[in-house]
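S.K.: Below is one structure. I have some questions about it.
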Amino acid sequence: MKHVDLHFDQGAGVGQGYFIEEIPPGIDALVELKNESKDAAVQLVITRYNASTLTFDVGPHTEFAVEVGNIQTVGIFVPGTQPARGRLIIIPNFSNINLV
């Protein structure tokens, strides 16, 4: 995987998965979320192999990035009553990826 660059457009109360790595222990990557919504906050949810799930709140017109290891899934949840849109970018750390 080179990288993932996705646009999302989700309704209020909707959760959606955008990335899954089925082979443990997952990937190490930089995950960036650009919330382009006018009023809606979103939650970035990252599940990891043998580690706790991470949840980050990202406000409207805000960008957030985190580097995480052992990523299994990446998803976005839109709490509240307003729809949300933006971009999700996942850039793997090639020095730690098992290319077998």
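Taken together, the values in this text are just the output of simple stated rules run on the coordinates, not laboratory data. No experiment lies behind these values; they were computed from the predicted model shown. When we count neighbours, we look across all protein chains shown, and the Cβ atoms used for this are built from the backbone with ideal geometry, even at glycine.
S.K.: So what are the ³J(HN,Hα) numbers for the range 58-65, from phi and the Karplus equation (6.51, -1.76, 1.60; θ = phi - 60°), rounded to whole Hz, Gly and Pro as x?
M.R.: 10, x, x, 6, 10, 10, 9, 9
S.K.: Now, a different point. Each label point is 7 Å from the Cα along the Cα-to-Cβ direction; what then is the distance between the points at residue 73 and residue 12, in nm?
M.R.: Here the answer is 2.5 nm between the modelled labels.
S.K.: Whats the longest run of the chain with zero trypsin sites (Lys or Arg not before Pro) that are DSSP loop and have at most 14 other Cβ atoms within 10 Å?
M.R.: 39-100
S.K.: In the range 35-99, which chymotrypsin sites (Phe, Trp or Tyr not before Pro) are in a loop and have at most 15 other Cβ atoms within 10 Å, using DSSP for the loop call?
M.R.: 49
S.K.: Further, regarding this structure: Dipole magnitude of the chain about its Cα centre, charges +1 at Lys/Arg Cβ and -1 at Asp/Glu Cβ only, in debye to the nearest 20?
M.R.: Details: 6 positive and 11 negative charges, 17 e Å.
For this selection, approximately 80 debye.
S.K.: How much space per residue, in cubic angstrom, does the convex hull of the C-alpha atoms of the range 4-96 take up?
M.R.: So the per-residue hull volume is 79 Å³.
S.K.: Starting from the chain, pick out the GluC sites (Glu not before Pro) whose DSSP state is loop and whose Cβ has at most 13 other Cβ atoms within 10 Å.
M.R.: Numbers: sites: 21, 22, 32, 36, 63, 67; in loops: 21, 22, 36.
Loop-located and lightly packed - 22.
S.K.: Spelling out what I want: for every residue of the range 69-77, take phi, set θ = phi - 60°, compute 6.51 cos²θ - 1.76 cosθ + 1.60 (Karplus), and round to whole Hz; glycine and proline get x.
M.R.: Taking θ as phi minus 60°, the curve returns x, 6, 6, 9, 9, 10, x, 10, 10 Hz for the range 69-77.
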